[in-house]
Every structure is written in C-alpha cells, then in structure tokens.
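Undergrad: Let me begin by handing over the structure; questions about it come next.
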Amino acid sequence: MDEGMKTARARNHRLWAWAAVGLWVALIFCFSSDAFAAHETSAFLLPLLKRCFPELDAARLATLHYALRKSAHVGEYAVLALLSRSALHQGNPSPPLRAVCLSLALVFAVALLDESRQSVSAVRTGSARDVALDVFGGTLMLAFAAAVRHWWECPRRCRRGKRSGATCRAPASEP
C-alpha cells in the first residue's frame, strides 16, 4: 500500500471516529430534551418496573426509577469518554494521558452544556450534581479502559504474577 493510501485511510478512520463522537453527543442532547423528562419516562418505565418487581410499593418504584435515570448519566458519558478517547488516539502519537485529559475535558464541556440547556427548560432542571455524575461516568470508563489495555498489553508471564505491574512491559531476563 502506498503512502498516499495510508494517509487517506488514516484520515477516513479519524473522520469516522469523530463522527461517532458527534452522533453520541447528539443522542445525549436528545435524551436531555423535554421528551425524556422524569414525568415522561415514568409513563413507560414505572409500569415496566412494576411488572419486573411486583412486590415493590410505589415509593420504592419511584426510587428505582430515579436510580435508573441517574445511572443513564453514568452510562451515556462513559460511552462519550471512550469514543472521544478513541477519536483522539486515531493517528495521533500524543501521550495517552493527554488524550485522557482532553477526553475528560470534552465530557465536562458536554455535561455542562447539557445541564445548562436543561436549566432553561420548563420541565427539566439543570444540576451541578448531574455534571459531577457525568464526569464520574467518563472517568470510570477511562480508568477501566486503561486497566484493560494494560492487562492486554502485559505479557502472559506478568499475568501469572512473575513480574510486577510496573515493570511488566520489559522482557524478563532469563537466568
């Protein structure tokens, strides 16, 4: 493959990676619209929860509904962090820590914009607590991804405990 094709292919990968980030941000903004306010989602989630957990009273179902809505924050922004980290890594030899920091900055900016947008809605409320939850979701995913990547790149002998995690990238000297 000639150099021009490699460059075009790398550019294509970067474009698709950033397109995925953009689509995910659009989906986050869609989920933060008035159509997904608590009173709207309760119309279909509460009957579903009641069917799954018939022994729960209304107060506990409402608590479960609240917990599901808040866990959606963690999940949405975990995916955003992973997509943005991947897009920043495409064809970029920059240090991984820089990509992680930029990814978290993007997560924070989108979360702040999202909650600011909700604060001007008649049926939604913007919350600093939700921004913190969103950033927590992004941070959790990036930490998990880093741990998985380290484990994956670590030679088998390191996984068996023969070398410490700090030095497992270096080949073991055979006696």
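Every read-out reported here was derived from the displayed coordinates using simple, explicitly stated rules and does not represent laboratory data. These numbers come from a predicted model, not from an experiment. Cβ: placed from backbone, ideal geometry, glycine included. Neighbour counts: every protein chain shown.
Undergrad: For the structure I just gave you, tell me whether residue 19 is free of Cβ contacts under 8 Å to residues at least 60 places away in the same chain, over 21 Å from residue 103 (Cα atoms), of a type outside the set (Lys, Arg) and in a helix (DSSP H, G or I). Break it down into steps so the answer makes sense when it comes.
TA: On the way: free of Cβ contacts under 8 Å to residues at least 60 places away in the same chain: yes; over 21 Å from residue 103 (Cα atoms): no; of a type outside the set (Lys, Arg): yes; in a helix (DSSP H, G or I): yes.
Answer is no for this residue.
Undergrad: Being over 23 Å from residue 61 (Cβ atoms), out of contact with any Asp or Glu (no Cβ under 7 Å at 6 or more places or on another chain) and of a type in the set (A, V, I, L, M) is the filter here; which residues of the stretch 27-48 pass it?
TA: 27
Undergrad: Go over the candidates 140, 133, 61, 82 one by one and state the one that is free of Cβ contacts under 8 Å to residues at least 60 places away in the same chain and of a type in the set (A, V, I, L, M, F, W, C).
TA: Details: 140 fails: free of Cβ contacts under 8 Å to residues at least 60 places away in the same chain; 133 fails: free of Cβ contacts under 8 Å to residues at least 60 places away in the same chain; 82 fails: free of Cβ contacts under 8 Å to residues at least 60 places away in the same chain.
Only one candidate qualifies: 61.
Undergrad: Let me ask something else about it. Quick check on my filter: what residues within the stretch 50-70 are surrounded by 15 or more Cβ atoms within 10 Å (Cβ to Cβ) and within 25 Å of the chain's Cα centre (by Cα)?
TA: 64, 65, 69 - these are the residues of the stretch 50-70 that are surrounded by 15 or more Cβ atoms within 10 Å (Cβ to Cβ) and within 25 Å of the chain's Cα centre (by Cα).
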